[in-house]
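Colleague: Below you will find the structure I want to go over with you.
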Amino acid sequence: MMYLNLSPILFVLIVSMAVLLILVLYLMLRPKLNSENSHKPVIDHLNIVGDEIQKLSEGQERLTGGLQTVSEAQAKAQLSLINMMEERLAKVQLQMNENLSHSSRRTAQSLGDLQQRLSTIDKAQEKMKNVNWVFVVK
């Protein structure tokens, strides 16, 4: 079973048109119902009203088609925007990973260099202590 998904504005428009049509028919037919020769004008008015209803129906179908087209276009644009954002986020993530990896390598290298320097300083201090003892002993 297929359900029409009408927007609230379109639904109110359709209901309003139906109520207006019933009111117009009632006002047109009420005075003429009392007379016996009123069949011809009533039939003419009903034909005119039928034509107007047909025109309204065609207009409603065009509106429905237009709304569907707009809805599909919006869905495509939204999907395109989501895909573009995902691509950009992936690029940013890749760049951040590369930068963090590079920074990590540089930090490890700097710490290794610092450890070597501290080791050299420790050896030099140890030699200086031995030299001091040598001078004091003599």
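A short reminder: the numbers here are calculations on the coordinates, not readings from a lab. Treat the numbers as computed from the prediction; the structure is a model and nothing was measured. Don't worry about glycine lacking a Cβ; one is built from the backbone with ideal geometry, like all the others, and counts go over all protein chains shown.
Colleague: Students often forget the sequence filter, so: which aspartates and glutamates lie under 18 Å Cα-Cα from residue 123 once same-chain residues fewer than 8 apart are removed?
Modeller: Cross-link targets: 113.
Colleague: Related question: I want the local charge near residue 92. Using Cβ-Cβ distances under 15 Å, sum +1 for each Lys or Arg and -1 for each Asp or Glu among the other residues.
Modeller: For residues surrounding residue 92, the net value is -1.
Colleague: Given 0.36 nm per residue, what is the gain on full extension from residue 20 to residue 72 after removing their alpha carbon distance, in nm? Show your work: numbers first, answer last.
Modeller: Working: separation 52, 0.36 × 52 = 18.72 nm, distance 3.28 nm.
My answer for the length gained is 15.4 nm.
Colleague: Determine ³J(HN,Hα), in whole Hz, for all residues of the range 102-117 in sequence, where each value follows from phi through the Karplus function 6.51 cos²θ - 1.76 cosθ + 1.60 and θ = phi - 60°; x replaces Gly and Pro.
Modeller: Result, rounded to whole Hz: 5, 5, 5, 5, 5, 5, 4, 4, 5, 5, x, 4, 5, 4, 5, 5.
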